[in-house]
Amino acid sequence: MPFRRHSTAPRRHAAGLLVAAAALLLGAGSASAADAADATVSGGGVTLKSAVVTLPSSDRGFPPGPHADAIESNCLACHSAGMVLNQPALSRAEWRNEVTKMVKVFKAPVSDQDADEIVAYLAAMKVDR
Ligand code: HEC
C-alpha cells in the first residue's frame, strides 16, 4: 500500500529531529556547569549525552593602520570587528555603501569626518586569508 509507506516515513524523521533537539537543549543547559562535560540522561529507552562546544572567542580588534582609531571608536558598539573583517575584499565604493548603511539604516552615530576615515581605513585594509 503506497499510502501507508508515505505516511510513516516523515513521522520517523520527525521523531529523530525531536531527539536531536532534546540533545541540543541538554547540551546547552549543562554547558554552564563546569563539571558536566560528559553528563548523560537516560529514560524511556533513550540515553542523551551532553556535548560541550568551545567557540573561538571574538574579542579580536581591528588591525593597526591609518585611521584604525576611527573604526575602533565607531564600529564596535553593535557588533565585533569580525563582522567587518570577515567580509570579502570590497572596493572603496562598496565600503562607502557599507558605512552609509550602518549610519542610515542602523543609526550608527558616525560623524562625516569619521566616516571618511573609516572608508579610507577599510579600502586600504589587507585581507590576508
Ligand atoms: C548602531 C549599530 C551599528 C553600528 C554602530 C555599526 N554597525 Fe555594522 N552592523 C549592524 C547590524 C545590525 C548589522 C547586521 C546587519 C544584517 O544582519 O544584515 C551590521 C553588519 C555589518 C557588516 C556586515 C555586512 C552587512 O551589511 O550586514 C559590516 C561590514 C558592518 N556592519 C560594518 C560596520 C562598520 C564599518 C561600522 C562603523 C562605521 C559599523 N558596522 C557600525 C549595526 C551597526
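Bear in mind these aren't lab numbers, they're just calculated from the coordinates by the rules spelled out. For clarity, every value in this text was computed on a predicted model and none was experimentally measured. FYI the Cβ positions are ideal-geometry reconstructions off the backbone, even for glycines, and counts take in every protein chain you see.
Take the Cβ-Cβ distance between Ala68 and Lys104 as r, set R0 to 22 Å, and report the resulting FRET efficiency rounded to the nearest 0.05. Once rounded, the FRET efficiency stands at 0.40. Take every Cα pair under 8 Å whose residues are at least 6 apart in sequence, average their separation, divide by the length of the range 68-124, and the relative contact order is 55 percent.
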